[in-house]
Amino acid sequence: MSTTEPSAGSTLRSSLDAARDELRADIARGTGGRAAVERHADRVDALLRKLYTDAGVPGAPVAIIALGGYGRRHLCLHSDIDLLVLFGSRIGPSEERFLRGFLHPLWDLGVVVGHQVREIDDFADLETDNPEFLLALLDARLVAGARPLFDRLGATFHQASTHAYIVKALVQLIQERHAKF
């Protein structure tokens, strides 16, 4: 390898720094509103797509899905990046290699990643012990990977009974927070 070529890590670092600098400049100009945080999310999307490609797609379909505020494209300067890495079948050695290749560079950059790693079959039953995760799934947005897998998640998740449970759980969370504070 030529010593004049930037390493993959330095290129990723440059991209991330440029995205953050752009948002800082928007904020300093007083234009750090919705358009600015959406642009920042788009820049992070591009970084994640690069990592997805560089990680070497495994044998099973995989989808990188933004959740919560990031899923809504409201990514602030110091926000964590909430992701669902969704596999279309059982997670085996090639999927684990993909995960390491995708997540480790983010961690090496110091990015705080709130992530869930799931198989599509995990969504056959509603996960009632984690209402925050279910709420974050309402804002799910495909960033990279298999669109059919993402669409299958949507068809499985977006059911009237699921949404009714989320509303009930959200009301309970609000009541608990009001009682606490």
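A residue that is of a type in the set (Gly, Ala, Ser) and exposed (fewer than 12 other Cβ atoms within 10 Å of the Cβ) cannot be found anywhere in the range 135-145. Only one residue in Leu77, Leu99, Leu83 is open to solvent by less than 70 Å² (accessible area, probe 1.4 Å), at pLDDT 90 or above and under 30 Å from Ile27 (Cα atoms), so which one is that? Answer to the check: Leu83. Report whether or not Arg177 is within 18 Å of the chain's Cα centre (by Cα) and assigned to a helix (DSSP H, G or I). When the stated conditions are applied, Arg177 does not pass them.
When the residues of the range 25-35 are filtered to those that are modelled with pLDDT under 80 and in a helix (DSSP H, G or I), the one that is least open to solvent (accessible area, probe 1.4 Å) is Asp26. If you check Arg118, Arg152, Arg177, Arg141 for being among the basic types (Lys, Arg) and either over 28 Å from Gly56 (Cβ atoms) or in contact with a His (Cβ under 9 Å, 6 or more places away or on another chain) (or both), only one passes: Arg177. Among the residues of the range 107-147, the ones that are assigned to a helix (DSSP H, G or I), touching a Gly at 6+ places or on another chain (Cβ under 8 Å) and farther than 18 Å from Asp80 by Cα come to 1 in all. Within the range 58-106, being under 19 Å from Ser15 (Cα atoms) and in a loop (DSSP other than H, G, I, E, B) holds for Arg73, His74, Leu75, Cys76, Leu77, His78, Ser79, Asp80.
Right, Asp125: at pLDDT 90 or above and among the acidic types (Asp, Glu) or not? Answer is no for this residue.
The values are calculated or read from the model by the stated rules, or taken from the named source; none is laboratory data. Just so it is clear, the structure is predicted and the values come from calculations on it, not from any experiment. Neighbour counts run over all protein chains shown; Cβ positions are idealised from the backbone, glycine included. Surface areas here come from the heavy atoms of the whole protein model, side chains and all, with no ligands, DNA or RNA. Shrake-Rupley method; radii C 1.70, N 1.55, O 1.52, S 1.80 Å.
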